[in-house]
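Visitor: Questions regarding the structure given below will be posed in turn.
The values are calculated or read from the model by the stated rules, or taken from the named source; none is laboratory data. These numbers come from a predicted model, not from an experiment. Heads up, the Cβs are rebuilt from the backbone with ideal geometry, glycines too, and the neighbour counts pull from every protein chain shown. For accessibility, only protein heavy atoms count, side chains too; no ligands or nucleic acids. Shrake-Rupley method; radii C 1.70, N 1.55, O 1.52, S 1.80 Å.
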Amino acid sequence: MKISQLRNATVLVEIGPHRLLVDPMLAKQGALPSLKWFTPRRRRNPLVDLPPQAPGLLDTATRALITHCRKGHFDHLDRAGIRWLRERQLPVLCMPEDAEHLRRRGLAVEALAAEGTSTVDGLRISPVPCLHGEGWMLGRLMAHGHGYLIEHPGEPSLYIAGDTVLTDDVRRCVTDRRPAVSIVPAGGAAFDLGGELIMDGAQALALALAGDGVFIANHLEALDHCPTRRDSLRAQAATRGLGARFLVPEDGDTMCFDAGRTDTSPAGEHCGARRPPATPALDTIGLP
């Protein structure tokens, strides 16, 4: 299995014969509005462009997978992403509550089961509820969406958490279902008012300590309302002894995971990833 971090929550997952493009935000740098208003220095989003590797990786996609998209969540599916999907008529997997919203935009929608497990060409996909912010205001304002546990014969199991704070549902997925790899938000996103909308670094690290697989942190350094910095998160992970179990990739990095090995040390090919300083194990990582 290969996982390529493109930007923010946008990743490409190569699992079995599938190439899943998750939550495509494809706008150019600065093409989208700021998400912070009461600040002396407002910045338009995204803060950075897609990495140079993005066009080649996008061209390999065979399906898209959307965690949530309604109520203006452009950081998971923006107009550029919709246009790109529509032009290619790429099949789009989503939850039933998002299906009509996406069909009205001309996309080729494949709705997953609201509960239980859907099987799509050998992929087993199970939804896990998200809580995209708590409280009276954020609870009504946000589209909470779902994360997904994804399984394919001969491949490591993968949990894509989606936009969520740390909840019992999220914790149970990690401790009871024991995914080999989990992609979790760690940006600590917050508007000017209200609490955090997704896990921050501390919550992401706490989840990793509760589980026994490899964790990949994303939602970092691409949006103006996500304060967590990669270098700080790497240092915190090292302090907690997580080592190669907690990865903080740069945009453009590709990580490989081999179900045939039983250790978590770097091995095998490098997957074409750029290795940033002090980032552990961006090579092939063996998993039970």
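Visitor: With r defined as the distance between the Cβ atoms of residue 42 and residue 172 and R0 fixed at 41 Å, what FRET efficiency is calculated, to the nearest 0.05?
Guide: 0.60
Visitor: Over the heavy atoms of residue 101, what accessible area does a 1.4 Å probe trace out, to the nearest 10 Å²?
Guide: 30 Å²
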